[in-house]
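Report on the following structure.
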Amino acid sequence: MRHAVIALLLALLPALPAAAQERAVGTVTRLQGSASTAQGTVGPGSPLTTGMVLTTGAGARAELSFSDGTLVVIGEHSHFAVESFAYDAPSQSGQARFRVDQGVFLVTSGAVAKLPGRPLSVTTPVASIGVRGTKFWGGSLDHPLDVLLLEGAITVRSPGGSANLDNPLEGTDVPKPGAAPSPVGLWKPERVDKALRSISFD
């Protein structure tokens, strides 16, 4: 029996370093409806780790809080991935890369976006969004990607070009994969409301 226990412990040792690397970089702070990862369902208080992909169900909303103060809200039928995240307050270093394969999202940036080089970005299937300390909405309203700036400044880049959004309620869209973002313009109140309702909790 003793030899069997020792053999089991030795077999588990190679897995320990990988498990130790699964450190939480944030927490699910609020949830409406259902959400899950490859490991199973999640709820308020569930940890967020680098590499995880969070998927939401019909009518769902999930609020994700990261260790630097970054706050992300995703809407229903969303696929949100934490591609990488690191933040060290004493050394003022870190970086964050999020990926949204599907759905809508609202990002309010934290300390990482204020670091040199502004190392916070969000990628989607048709464009990437570089964050310069800000709050913005993204998702699909009328196009594969629509983006609305609420505070601060962002740059939307696609293979076809880029667009800088510098004023609140300015927006742009990417009409198809490979296309350049549309000219920046102010969104009408009805369109702003439609976007914000997609990530609002009941």
- Message: Considering only residues that are surrounded by 17 or more Cβ atoms within 10 Å (Cβ to Cβ) and within 17 Å of Ser109 (Cβ to Cβ), which ones fall in the stretch 136-156?
- Response: Phe136, Trp137, Gly138, Val147, Leu148, Leu149, Leu150, Gly152, Ala153, Ile154, Thr155, Val156
- Name every residue in the stretch 171-185 that is among the β-branched types (Val, Ile, Thr) and touching a residue at least 24 places away in the same chain (Cβ under 8 Å), in order of residue number. Thr172, Val174
- Would the stretch 180-200 turn up any residue that is under 28 Å from Val25 (Cα atoms), of a type outside the set (A, V, I, L, M, F, W, C) and surrounded by fewer than 18 Cβ atoms within 10 Å (Cβ to Cβ)? yes
- Task: Report, by residue number, each residue of the stretch 77-90 that is farther than 25 Å from Ala38 by Cβ and either under 16 Å from the mean Cα position of the chain (by Cα) or in a strand (DSSP E or B) (or both).
- Result: Asp88
- If you check Leu71 against the conditions, is it at pLDDT 95 or above and crowded, with 22+ Cβ neighbours inside 10 Å? no
- Does Val107 fit the bill of being under 20 Å from the mean Cα position of the chain (by Cα), more than 23 Å from Gly69 (Cβ to Cβ) and either buried (at least 16 other Cβ atoms within 10 Å of the Cβ) or among the aromatic types (Phe, Trp, Tyr) (or both)? no
- Item | Residue match in the stretch 109-127 (condition: of a type in the set (Val, Ile, Thr), touching a Pro at 6+ places or on another chain (Cβ under 7 Å) and closer than 20 Å to Ala195 by Cβ) | yes
- Message: Is it the case, given these coordinates, that Val53 is crowded, with 19+ Cβ neighbours inside 10 Å and either among the hydrophobic types (A, V, I, L, M, F, W, C) or within 19 Å of Pro181 (Cβ to Cβ) (or both)?
- Response: no
- Task: May I ask you to list the residues in the stretch 61-97 that are of a type in the set (A, V, I, L, M, F, W, C) and within 14 Å of Gly139 (Cα to Cα)?
- Result: Val72, Val73, Ile74, Phe80
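The values are calculated or read from the model by the stated rules, or taken from the named source; none is laboratory data. All values derive from a computational prediction rather than experimental measurement. Cβ sites come from the backbone with ideal geometry, for glycine too, and all protein chains shown count toward neighbours.
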